[in-house]
Amino acid sequence: MKVLVFGQSGQVGRALQASQAQVAIQSLSRAEADFEDPEHCARHVLKTDADAIIIAAAYTQVDQAEKEEPKALMINAQTPGAIARAAAERDLPVVHISTDYVFDGQGHAPYATDHPVAPLGAYGRTKQAGEAMVRASGATHAVLRTSWVFSQYGNNFVKTMLRLGAERDAINVVADQLGGPTPASSIADACINVARQLIDDKRQSGTYHFSGEPDVSWADFARAIFARAGMSCAVNDIATADYPTAVRRPLNSRLDNRATLDTFGIARPNWAHALDAVLDARDGT
């Protein structure tokens, strides 16, 4: 199987390139596929010899999106929509990565795939719009929502904690937001697995969740990072209200992954196991 991947430099994009799955990855850089130009990206699909498409590119600056919502909408919705419509013309399946930020974070139960969406800010709104455009495209698709992505690549919570833990004796970390940290490597493998199965069975089109287990707070995740890294930095629990940001973050980011397991046979990854691999590769950039 050959897969065309949009999003070369992000965490999932880099994990796809490093994947050990038996698949040929053709990954497009920003220079090759400008996500502020939907039709330019769609033309790559129309001429590709790939068997499936994975959309791993996104505008992910949650607070900045409030000031740049038109740009975020283009990158997170209009361009994925154009890519999916081109894929429909070619009869190619599309795996589109989305986010827990399409929900408002209320309640305590894991969100089912059909739970009403209610994003809290521009980032979530643009990702919700992207989901809708992919669904409306006519392409065989899987909208794969995930949460709290981490890896040895780029900027993420794990790498931030490692940096702060080396600089400080103690840090304050939010303890009332809960979710499933998800290894980018596991997301990459799940995307490939889903794409392969969509080729064989178009009836599997739909919306799915994929997040790591067990669910945990940011504060407890930080403690696990420091413990496994052998760092003595203490973690002080604080409330979200004590760490104000431009956009409210969901308090509940738990995702119900049962549909992904039932349909594709893909179980939730254990984030602790993947964390050890990330720590072993902490010199990566």
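Just so it is clear, none of the values below were taken in a lab; they were calculated from the coordinates. All figures in this text were calculated on a predicted structure; none of them were measured in a lab. Quick reminder, even Gly has a Cβ in these numbers, built from the backbone with ideal geometry, and neighbours come from all protein chains shown.
Some values worked out for this structure:
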quantity: Restricting the range 237-253 to residues that are within 23 Å of T146 (Cβ to Cβ) and buried (at least 16 other Cβ atoms within 10 Å of the Cβ), the residue that is nearest to the chain's Cα centre (by Cα); calculated: S253
quantity: Failed item, numbered, when L46 is tested on (1) surrounded by fewer than 21 Cβ atoms within 10 Å (Cβ to Cβ); (2) over 22 Å from K202 (Cα atoms); (3) in contact (Cβ under 8 Å) with a residue 24 or more places away in the chain; calculated: (2)
quantity: Single unsatisfied condition, D176 versus (1) farther than 30 Å from P38 by Cβ; (2) out of contact with any helix residue (DSSP H, G or I) (no Cβ under 6 Å at 6 or more places or on another chain); calculated: (2)
quantity: Total residues in the range 204-226, condition assigned to a strand (DSSP E or B) and either free of Cβ contacts under 8 Å to residues at least 60 places away in the same chain or of a type in the set (V, I, T) (or both); calculated: 4
quantity: Odd one out for Y123 among (1) more than 20 Å from A88 (Cα to Cα); (2) in contact with a Pro (Cβ under 6 Å, 6 or more places away or on another chain); (3) buried (at least 24 other Cβ atoms within 10 Å of the Cβ); (4) not small (G, A, S); calculated: (2)
quantity: Matching residues, the range 266-282, being touching a residue at least 40 places away in the same chain (Cβ under 8 Å) and assigned to a loop (DSSP other than H, G, I, E, B); calculated: I266, R268, P269, A281, R282
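Matching residues to (1) charged (D, E, K, R); (2) touching a Leu at 6+ places or on another chain (Cβ under 9 Å):
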site	(1), (2)
A109	no, no
R125	yes, yes
Q128	no, no
A132	no, no
A136	no, no
R145	yes, yes
F150	no, yes
M161	no, no
D169	yes, no
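Each row is one residue, and each column tells you yes or no for (1) surrounded by 21 or more Cβ atoms within 10 Å (Cβ to Cβ); (2) closer than 23 Å to R268 by Cα; (3) in contact with a helix residue (DSSP H, G or I) (Cβ under 9 Å, 6 or more places away or on another chain).
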| position | (1), (2), (3) |
| --- | --- |
| Q106 | no, yes, no |
| A139 | yes, no, yes |
| R145 | yes, yes, yes |
| W148 | yes, yes, yes |
